[in-house]
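Peer 1: Following this message is one structure expressed as structure tokens.
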Amino acid sequence: MLRGDSREDLAYAAGLIRRGELVGIPTETVYGLGANGLDEVAVDRIYEAKGRPKDNPFILHIAEPKEMESICHSIPERAWLLAERYWPGPLTMILPVKDCVPKRTVAGLDTVGVRCPAHEATRTLIRLSGVPIAAPSANLSGKPSTTTAQHVLHDMDGRIAAIIDGGPSEVGVESTIIDLTAEVPRLLRPGGITPEELVALLGELEVDPAVLGELPPDAIARAPGMKYIHYSPRAEVIIVDGSDEEAAAYIRKHIRPEDAVLCFQEELPLYEGCNPTAYGSRADNRSLSAGLFSALRDLDKPEIQTIYARCPQGGGIAYAVGNRLKKAAGFHIVDPREEA
Ligand code: TXA
Ligand code: MG
């Protein structure tokens with residue numbers, strides 16, 4: 001375990017990156033599993049460590065916005081606009097990729113996801129490494145993402161060379177992904193930069209169908225990762241809609257001793273004796289995004305069969321939280337009012 005606030009540790013980690021090793025890296029969204037994005041052997045190691053399907057490409061992380069020119073071409077004006085406003089920060093842009101980026105990194109696509117993360121330790125690491133760092137979230141494929149160095153250790157112990165501890169990830173859900181190669185900018189994954197903010201800056205935004213619901217099996221996913229199972233603990237996750245009281249009545253009626261409840265802090269008194277876990281306060285959507293993955297990981301225990309979950313409504317970051325929770329549930333949502 002290395003320290004994100006130690007220049008010496010970061011220099012050591014940069015040496016590992018240059019030698020083609022894997023390093024767990026802190027970002028403001030989630031922890032990443034970093035490798036030299038220009039080295040296809042190193043990139044192959046990420047696929048292996050995560051157990052990730054080879055058709056699912058990686059985001060390249062850069063230390064300065066202008067570095068996107070070294071890996072992307074035909075960069076439109078709106079990409080610079082977004083970079084100026086939201087980088088460093090939780091935004092990934094899909095742009096045409098240059099030939100210097102190995103096919104393995106982008107899984108054979110002619111585009112690349114590029115992001116300038118806000119965490120200073122990782123920006124320093126990228127500078128010291130001298131290469132863009134390819135990094136997916138540092139969880140085992142299909143599992144909830146990692147928001148602390150301990151989560152990374154849990155999933156990756158023995159598979160990677162080092163982990164940089166930079167404290168808990170502040171945002172807690174992965175970056176917003178926007179595809180700028182289409183005529184109209186397209187939201188592929190909601191995150192810390194909200195759809196409202198993007199529309200305000202760009203004037204127009206299409207939302208990819210994969211954000212809204214389950215893709216039919218024959219659909220082509222624009223972000224290849226969208227078609228895979230995501231964020232899933234062992235247990236089945238069921239989202240229960242309705243008011244606090246309606247949901248509590250439904251859950252209390254159906255819950256068995258081997259089940260659990262994932263709810264808002266304010267709802268805890270309604271679930272006494274039902275094994276409840278709160279992931280944040282309903283009054284503070286940022287607390288929900290920061291706490292979601294940690295709570296899902298806590299509930300990833302063999303003895304838990306079903307998790308009844310409460311999901312925030314509305315826009316802003318709550319939209320991203322809802323998207324992750326719905327994916328964890330495989331879009332299984334019940335409305336207690338329909339049963340009544
Ligand atoms: O916040 C984040 O973005 C984190 C941190 C570590 O930066 N990274 C992350 O990476 O979430 P990952 O690999 O877990 O998710 C990246 C998603 C995948 O669904 C992938 O298919 C999609 O981005 N993606 C990557 N390159 C793409 C491309 N060229 N076109 C479309 N989608 C792409
Ligand atoms: Mg991921």
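Peer 1: What number of residues in segment 55-78 are within 14 Å of ligand 1 (Cβ to nearest atom) and surrounded by 17 or more Cβ atoms within 10 Å (Cβ to Cβ)?
Peer 2: Counting residues in segment 55-78 that are within 14 Å of ligand 1 (Cβ to nearest atom) and surrounded by 17 or more Cβ atoms within 10 Å (Cβ to Cβ) gives 11.
Peer 1: Hey, another quick one. Within segment 232-241, does at least one residue satisfy the condition of being within 16 Å of ligand 1 (Cβ to nearest atom) and under 23 Å from the mean Cα position of the chain (by Cα)?
Peer 2: Yes, there is a match, as at least one residue in segment 232-241 is within 16 Å of ligand 1 (Cβ to nearest atom) and under 23 Å from the mean Cα position of the chain (by Cα).
Peer 1: Next up: Quick one: in segment 315-339, which of the residues that are open to solvent by 40 Å² or more (accessible area, probe 1.4 Å) and out of contact with any helix residue (DSSP H, G or I) (no Cβ under 8 Å at 6 or more places or on another chain) is nearest to TYR231 (Cα to Cα)?
Peer 2: Across segment 315-339, the extreme among qualifying residues is LYS326.
Peer 1: Please pick out the residue among ILE193, ILE177, ILE229 that is within 13 Å of ligand 2 (Cβ to nearest atom) and more than 22 Å from VAL43 (Cβ to Cβ).
Peer 2: On inspection, the qualifying residue turns out to be ILE229.
Peer 1: Now for a different question. For the condition in a loop (DSSP other than H, G, I, E, B), in contact with a strand residue (DSSP E or B) (Cβ under 9 Å, 6 or more places away or on another chain) and aliphatic (A, V, I, L, M), what is the one hit in LEU60, LEU38, LEU16, LEU10?
Peer 2: LEU38
Peer 1: For segment 160-171, check the following and say yes or no: at least one residue is touching a Phe, Trp or Tyr at 6+ places or on another chain (Cβ under 7 Å) and closer than 19 Å to ILE317 by Cα.
Peer 2: Yes; the residues of segment 160-171 include at least one that is touching a Phe, Trp or Tyr at 6+ places or on another chain (Cβ under 7 Å) and closer than 19 Å to ILE317 by Cα.
Peer 1: Please verify whether GLU236 is open to solvent by 40 Å² or more (accessible area, probe 1.4 Å), acidic (Asp, Glu) and in contact with a Lys or Arg (Cβ under 9 Å, 6 or more places away or on another chain), treating the condition exactly as stated.
Peer 2: Judged against the criteria, GLU236 is not a match.
Peer 1: Could you list all residues from segment 252-310 that are open to solvent by less than 10 Å² (accessible area, probe 1.4 Å), of a type in the set (S, T, N, Q) and free of Cβ contacts under 8 Å to residues at least 40 places away in the same chain?
Peer 2: Correct list: empty.
Peer 1: Look through ILE164, ILE178 and report the one residue that is closer than 16 Å to GLU21 by Cβ and outside any loop (DSSP other than H, G, I, E, B).
Peer 2: Step by step, each of ILE164, ILE178 is checked, and only ILE164 is closer than 16 Å to GLU21 by Cβ and outside any loop (DSSP other than H, G, I, E, B).
Peer 1: If you scan segment 114-136, which residues turn out to be in a loop (DSSP other than H, G, I, E, B) and of a type outside the set (Val, Ile, Thr)?
Peer 2: Listed by number, the residues that qualify are CYS116, PRO117, ALA118, HIS119, GLY130, PRO132, ALA135, PRO136.
Okay, residues lined up against (1) small (Gly, Ala, Ser); (2) closer than 30 Å to ALA295 by Cβ; (3) touching a strand residue (DSSP E or B) at 6+ places or on another chain (Cβ under 7 Å):
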{"residue": "PRO90", "(1), (2), (3)": "no, yes, yes"}
{"residue": "THR111", "(1), (2), (3)": "no, no, yes"}
{"residue": "GLU120", "(1), (2), (3)": "no, yes, no"}
{"residue": "LEU128", "(1), (2), (3)": "no, no, no"}
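Peer 1: Look through ARG115, ARG52 and report the one residue that is within 16 Å of ligand 2 (Cβ to nearest atom), charged (D, E, K, R) and open to solvent by less than 10 Å² (accessible area, probe 1.4 Å).
Peer 2: ARG115
Peer 1: Say whether the condition of being within 12 Å of ligand 1 (Cβ to nearest atom), among the basic types (Lys, Arg), open to solvent by 10 Å² or more (accessible area, probe 1.4 Å) and out of contact with any helix residue (DSSP H, G or I) (no Cβ under 7 Å at 6 or more places or on another chain) is met by at least one residue in segment 137-152.
Peer 2: No, every residue in segment 137-152 fails to be within 12 Å of ligand 1 (Cβ to nearest atom), among the basic types (Lys, Arg), open to solvent by 10 Å² or more (accessible area, probe 1.4 Å) and out of contact with any helix residue (DSSP H, G or I) (no Cβ under 7 Å at 6 or more places or on another chain).
Peer 1: Another question about this same structure. Give the residues of segment 155-165 that are without any contact (Cβ under 8 Å) to a residue 60 or more places away in the chain and either in contact with a Lys or Arg (Cβ under 8 Å, 6 or more places away or on another chain) or farther than 15 Å from GLY51 by Cβ (or both), sorted by residue number.
Peer 2: Across segment 155-165, the qualifying residue is only ASP155.
The values are calculated or read from the model by the stated rules, or taken from the named source; none is laboratory data. On a predicted model such as this, the values are computed, not experimentally measured, just so you know. Backbone-built Cβ (ideal geometry, glycine too); neighbour counts: all protein chains shown. The protein model used for the area step is the full one, side chains on, heavy atoms only, and it has no ligands, DNA or RNA in it. Shrake-Rupley method; radii C 1.70, N 1.55, O 1.52, S 1.80 Å.
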